[in-house]
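A short worksheet on the structure shown next.
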Amino acid sequence: MVTKTSLLLGYRCNNNCRFCYCDDKKDSFRPMSTEKAKKEIKRGFERGSTYLDFLGGEPTIRKDLVELISYAKETGFEEIAITTNGKMLSYRDYSKKLLNSGLNHIIFSLHGHRPEIHNYLVRDARGFQLMKKGVENVLSIKPEIYVCYNTVINTKNLDTLHKIPVTGNSFTERGIDAIEFIFPHPRGGAWKNFDKIVPMLKDINEPLKKAIGAAEDQGYDHIVGRYVPYCYMKGVEEYVSETISRDNSFREQHIGPEFENLEVEKSREESGKVKADRCRRCIHDDVCEGVWREYAKKRGLDELEPVEG
């Protein structure tokens with residue numbers, strides 16, 4: 001079993017994404033101290049974790065990130081990642097420092113196939129340009145590094161979702177390794193902007209299926225539809241995050257400034273997500289987590305359709 005420790009170092013960010021799940025936490029919780037971060041890195045490794053991901057907010061705005069990556073490498077982590085908007089990586093010298101300290105996996109946020117869509121969503125007129133430069137820098141410095149894109153599915157990119165894997169691959173001749181299409185968790189900014197940003201479940205199946213097909217055609221090795229119920233992943237069920245987690249025996253632990261969750265999948269099933277009573281008839285009921293409770297609070301559960309047969 002692979003255990004991933006996701007360390008949320010703090011909620012501050014140099015973007016202001018319209019769907020940010022922690023938008024309401026940015027000023028409420030102080031970022032994790034260097035000392036505490038190192039303590040949690042060591043504890044994660046001692047629990048048997050081999051994969052460490054630094055998250056935020058935005059981890060690259062911290063002055064101690066190079067130090068923390070080096071410490072994780074010294075501790076013994078095999079895979080060390082950051083999830084980032086990529087803007088700080090547009091500085092080549094900074095990219096070199098991160099990569100030389102032991103970083104071997106980067107997840108970039110890419111939310112639109114054109115700059116105007118991405119920039120609107122992240123509220124930065126240079127967001128796309130800087131992220132692209134970050135990808136180019138990283139792959140020119142360390143061509144063998146594992147690179148992934150996170151794309152949040154929303155009303156502004158839904159119709160052109162299939163173009164994002166093509167755009168992402170155009171940044172490099174060597175190609176990108178992975179892409180994850182993520183249904184937004186309606187908290188923080190996504191809750192505040194719910195009606196404008198969060199798509200109806202019934203509208204996402206075909207665009208997402210088309211986007212996954214495009215990613216296959218582009219040669220991405222790892223493709224995921226995350227937080228989407230099986231009834232809206234028809235035809236591409238093998239790419240549902242729950243399927244992949246179960247098949248690969250992959251488990252996550254999340255540690256943040258104000259919380260610790262060592263059973264992320266279990267907590268999503270028990271308190272984070274919800275299903276309709278009729279979902280018990282679905283052939284995927286034993287593995288599907290359903291929809292976010294906040295989504296159900298806004299729109300109910302009428303969209304959920306048991307897959308039978």
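The values are calculated or read from the model by the stated rules, or taken from the named source; none is laboratory data. In this text, all values refer to a predicted model and were calculated from it rather than measured experimentally. With ideal geometry, Cβ positions are generated from the backbone for all residues, glycine too; neighbour counts draw on all protein chains shown.
Among the residues of the stretch 202-225, those identified as within 15 Å of residue 166 (Cβ to Cβ) and part of a helix (DSSP H, G or I) are 207, 210, 211, 212, 213, 214, 215, 216, 217, 218.
Cβ-Cβ contacts under 7 Å between residues 6 or more apart (or on different chains), taken from a first residue in the stretch 158-173 that is within 16 Å of residue 131 (Cα to Cα) to a second residue that is at pLDDT below 95, are listed as 169/175. Scanning the stretch 11-30 for residues that are at pLDDT below 95 and surrounded by 15 or more Cβ atoms within 10 Å (Cβ to Cβ) yields 21, 22, 23, 25, 26, 29. Annotation note: Cβ proximity below 6 Å between a residue of the stretch 121-150 that is touching a residue at least 12 places away in the same chain (Cβ under 8 Å) and farther than 22 Å from residue 102 by Cβ and a residue that is among the small types (Gly, Ala, Ser) and outside any helix (DSSP H, G or I) (sequence gap 6+ or interchain) occurs for 131/86. Looking only at residues in the stretch 78-123 that are polar (S, T, N, Q) and touching a Leu at 6+ places or on another chain (Cβ under 6 Å), the one that is farthest from residue 141 (Cα to Cα) is 83. Taking the stretch 226-255 as the range and being under 16 Å from the mean Cα position of the chain (by Cα) and not in a helix (DSSP H, G or I) as the test, the residues that pass are 226, 227, 228, 240, 250, 251, 252, 253, 254, 255.
I need a count of the residues in the stretch 256-309 that are under 21 Å from the mean Cα position of the chain (by Cα), of a type in the set (Val, Ile, Thr) and closer than 18 Å to residue 205 by Cα. Selection size over the stretch 256-309: 1. Note on the stretch 102-135: among residues that are part of a loop (DSSP other than H, G, I, E, B) and of a type in the set (A, V, I, L, M, F, W, C), the one that is surrounded by the most Cβ atoms within 10 Å (Cβ to Cβ) is 110. With respect to the numbered conditions (1) surrounded by fewer than 20 Cβ atoms within 10 Å (Cβ to Cβ); (2) of a type outside the set (S, T, N, Q); (3) within 18 Å of residue 95 (Cβ to Cβ), which one is the sole condition not fulfilled by residue 62? Condition (1) is where residue 62 drops out.
Set side by side, the residues 69, 82 differ, and just one is surrounded by 24 or more Cβ atoms within 10 Å (Cβ to Cβ), farther than 30 Å from residue 208 by Cα and hydrophobic (A, V, I, L, M, F, W, C), which is 69. If I ask for residues that are buried (at least 17 other Cβ atoms within 10 Å of the Cβ) and assigned to a helix (DSSP H, G or I), which ones from the stretch 161-173 would you list? Within the stretch 161-173, 161, 162, 163, 164, 165, 167, 168, 169 meet the criteria. Within the stretch 70-112, the set of residues being over 13 Å from the mean Cα position of the chain (by Cα), within 30 Å of residue 47 (Cα to Cα) and of a type in the set (A, V, I, L, M, F, W, C) comprises 72, 77, 80, 98, 99, 103. Starting from residues that are part of a loop (DSSP other than H, G, I, E, B), crowded, with 21+ Cβ neighbours inside 10 Å and not small (Gly, Ala, Ser), keep the ones in the stretch 32-59 and report whichever is nearest to the chain's Cα centre (by Cα). Ranking the qualifying residues of the stretch 32-59, first place goes to 58.
The rows are residues; the columns are (1) surrounded by 19 or more Cβ atoms within 10 Å (Cβ to Cβ); (2) in contact (Cβ under 8 Å) with a residue 60 or more places away in the chain.
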residue	(1), (2)
253	yes, yes
258	no, yes
261	no, no
279	yes, no
284	no, no
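For the stretch 268-282, the set of residues classified as at pLDDT below 95 and either touching an Asp or Glu at 6+ places or on another chain (Cβ under 7 Å) or under 23 Å from residue 79 (Cβ atoms) (or both) consists of 268, 269, listed by residue number.
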